[in-house]
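First comes the structure, then the notes that go with it.
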Amino acid sequence: MLLEGKVAIVTGAARGLGQAFAKRFAAEGAKVIAGDLRPCDATAALAPEAIKPVMMDVTDQASVQAAVDFGLSAFGCIDVLVNNAALYGALKGAWFQDIDEDEWRRALDVNITGVWRCCKAVLPAMREAGGGAIVNISSIGALMGNPQGLHYTLTKGAVITMTRSMARELGQYNIRVNAIAPSGVATDGTAEFFGAKTEKLLSKLASQASIQKNPEPRDMAAAAAFLASEESRLITGQTLVVDGGMVML
């Protein structure tokens, strides 16, 4: 059990990848605070003794801090943060010049500043504990460039930059910061963003990979569990691409 005795916060945990992260972490022995704007009751029901749901708005520092405080009160420490919450399915695909400016700002606030807020909130607890692991969720879009989704792709590139810079700063506290860059995963968010084009897009992505399969949520959860565990104790500042071998760094 990779995460026996660990306490993790997973943001955006009501469905999709966030739910998969919470489920896998609980199976690996962790206690999990599952945070989201949506109710996380279904996620908590997957492992009621290990997963505790909490309402969490990453655009509001007070809400983020309240979720961290809830975790500290329930379990006594915070060892792991998975920054999964992001605007994706709620965004509208468009050529960059046609993106609505308010939507542009919302994407940056959730997908970039939200990650920063969460990292700030857990830092004191991780420093006090003598270390920790932060896993940020990026996208292969940040490495390849995606048309008709600049607002989303831009934010995921910023996540990689934050990962590297925070890793430089936090290594002195034995806090590791890494990112995962998934390819197309069949989640609700993917279906909402791409709509009727989803099946065709996923098929195209799979055809471009060395292993011609689309990753599943369980593949991302396995990568996150590894990066959150002591098995990766000397890995920091890295972006792990999970795409079947399409982007090879």
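Cross-link pairs exceeding 32 Å in C-alpha to C-alpha distance, out of Lys92/Lys204; Lys120/Lys200; Lys92/Lys120; Lys6/Lys92; Lys31/Lys197; Lys6/Lys204, comprise Lys120/Lys200; Lys6/Lys92; Lys31/Lys197; Lys6/Lys204. Against the main long axis of the alpha-carbon atoms of the chain, helix 61-75 sits at an angle near 50°.
Cβ crowding within 10 Å ranks Ile78, Ile9 as Ile78, Ile9, fewest other Cβ atoms first.
The distance separating the Cα centre of the range 125-169 from that of the range 197-215 comes to 23 Å. In the chain, helices alone account for a calculated mean residue ellipticity at 222 nm of -13000 deg cm²/dmol, with every DSSP H run of four or more residues adding -39,500 (n - 2.57). With Cα atoms as the point set, the radius of gyration and Dmax of the range 7-242 evaluate to 16.7, 48 Å. What is the helix-to-structure angle for 217-228, meaning the angle in degrees between its Cα long axis and the longest Cα principal axis of the chain, kept from 0 to 90 and rounded to the nearest 10? The helix 217-228 is inclined about 40 degrees to the chain.
A short reminder: the numbers here are calculations on the coordinates, not readings from a lab. Note that the structure is predicted; figures quoted are calculated from it, not measured. Here the Cβ is made from the backbone with ideal geometry for all residues, glycine too, and neighbour counts use every protein chain on show.
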